[in-house]
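Read-outs throughout are calculated quantities, based only on the coordinates presented, and are distinct from any laboratory measurement. Just so it is clear, the structure is predicted and the values come from calculations on it, not from any experiment. Cβ coordinates were reconstructed from backbone atoms using ideal geometry, including for glycine residues, and neighbour counts include every protein chain displayed.
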Amino acid sequence: MIYKKYKNENYNLYTIKTDKFKSCLMEVVFSKPLDKSKVTIDNFLVENLGYTCKKYPKRKNMVEKLEDLYAASCYSVTTKVGNVLFSNFILEFLDPKYCDKNYLKDVLELPFEMIFNPNITNNEFDIKTFNIIKNRIRASISSLKENVTRYAIQESLKAMDKDSPSSINSIGYLKDLEEIDPETLAEYYNEFLKTCTCDIYVIGNLDMEEVNMLINKYYRNRYLSTDKLNYFVDNKPVRKVKEQIETGSYTQSTLIQIYNTNTFTEREYNYVIHVFNYIFGNGSLTTKLNKYLREENGMCYSTYSMYQKLDGLFLIYVGTQSKYKDKCSKLIAKALKEMVKGEFTEEDIDYAKKALLSSVKSSQDTPSGLLDNYVFNSKLGTPLLKERAKELQTITKEEIITLAKKIKLNTIYMLKGNENEENWI
């Protein structure tokens, strides 16, 4: 595997040459500071650009072109990454050695046609495509409450701090959506190109010099943003734990607890937290949370914990009944206290390490797994997979105990179910 960076005038290209896969993957990643007032139009624009373009003005034309390119896949997605918004244009395609002579040229050109040759006429986006995307986004925003877990986590983050970037809904907001029209979207397109930095990542068994030459030809953005991106959200600890209860029309209640992890060291947030979390709440059925909340007391259908590195937060989720709120909280506190006191075995640690190493190995078995690792390595200094595997094996019990002492409760949020919730458990 050969990793190389090409520094070009208005973007950087990162290539990973490998013959491990029969397919190739390219991601064009636009990055900009997260802005709640613009997240809706950012999402709208990127989804619109990924649907049609001037050269392929109807979705049917785009689908036919992808079929001609040996069933290539090309799509766009926006993602909130801490305090930054990623807008990704993703191209999956066959290794050119199996295809026609000009295949690489044709397939690499497509995403840049989508990005730089949008379906705009008379300073307005095509109205038919515009309405399709607007209805799709409206449905996604409106359906947020239908996913009880996602909605509860979103609302718990707002309860923690409604002004924190962590609480922003990356899909967008209905009020902002209704204010967007084809003309304002076209105007925003130019602002988007001016305010984003761009990095391009390519993995596959390709002639990367030729790839660099072709992308240089197809990349047509003359702007270069000089904004320095700060990915980490500074969510402050609290002196007094916040509590909020909301009532919904769900068949179960959801308890979310949010903890601050601001004082973690680099080694702790890259490695130690994952071993801790596997033992505590995000591993197999042997985790402490599952043992106390589900097996021994039967108070929940599911429970898990997750670490949000860039937000400096650790979240615990419990699907339960509202009457168990206080008892669940006590048992969660008991499980965390046991981690602080070192009441877990070396066998627990070894089991966690083996599971995590297996996950690292699996990430190396797909182009997307490998590419994502290089994306976050280049942007955040996240360890590459080989380094991660090596360091995970060196984590000690003492390090896990030290980390556990740094996890501080910030917010307890409960989304109460309806009167029939007792029937589900």
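Structural remarks
- Across segment 177-183, rounded Karplus estimates of 3J(HN,Hα) from the backbone phi angles (6.51 cos²θ - 1.76 cosθ + 1.60, θ = phi - 60°) give 4, 5, 8, 8, 10, x, 6 Hz, Gly and Pro being marked x.
- Between the amide H of Gln252 and those of Asn418, distances stay under 5 Å, these residues lying 5 or more places away or on another chain, with hydrogens modeled in the peptide plane.
- If the chain linking Asn135 and Asp106 were pulled fully straight, counting 0.36 nm for each residue of separation and taking away their Cα-Cα distance, it would gain 7.3 nm.
- The residues packed around Asn119, meaning those with a beta-carbon under 11 Å from its beta-carbon, carry a net charge of +2 if Lys and Arg are +1 and Asp and Glu are -1.
- Summing +1 for each Lys or Arg and -1 for each Asp or Glu among the other residues whose beta-carbon sits under 14 angstrom from that of Arg150 gives +1.
- Electrostatic dipole magnitude of segment 1-132 [Cβ: Lys, Arg +1; Asp, Glu -1; Cα centre; debye, to 20]: 280 debye
- Across Lys134/Lys158; Lys175/Lys288; Lys7/Lys58; Lys32/Lys337, pairs whose alpha-carbon gap is larger than 31 Å: Lys175/Lys288; Lys7/Lys58; Lys32/Lys337
- Selection from Leu108, Leu69, Ile395, by position along the positive dipole direction of the chain (Cβ): Ile395
- Proximal lysines relative to Lys105, as straight alpha-carbon distance under 17 Å, when same-chain residues fewer than 8 apart are discounted: Lys55, Lys65, Lys97, Lys217
- The phi-based Karplus calculation (6.51 cos²θ - 1.76 cosθ + 1.60; θ = phi - 60°) puts the 3J(HN,Hα) values of segment 243-255 at 9, 8, 10, 10, 10, x, 9, 9, 8, 8, 9, 10, 10 Hz, whole numbers, x for Gly and Pro.
- Applying the criteria of a DSSP loop state and at most 16 other Cβ atoms within 10 Å to the trypsin sites (Lys or Arg not before Pro) of segment 21-60 yields Lys22, Lys36, Lys54, Lys55, Lys58.
- Note on segment 246-291 and segment 343-392: Cα centroid distance 18 Å, given to the nearest whole angstrom.
- Mean separation of Cα contacts under 8 Å (6+ apart) over length of the chain, as relative contact order %: 21 percent
- Bridge type composition, the chain - antiparallel percent by DSSP, nearest 5: 85 percent
- Under-5 Å amide H pairs with Gly50, H placed in peptide plane, nonlocal only: none
- Spin-label model, Lys386/Ser302: points 7 Å from Cα along the beta carbon direction are separated by 3.7 nm.
- Mean silhouette area of segment 1-135, derived from the convex hull of its C-alpha atoms and averaged over all directions, reads 10.0 nm².
- Volume per residue of the C-alpha convex hull in segment 129-242, rounded to whole Å³: 207 Å³
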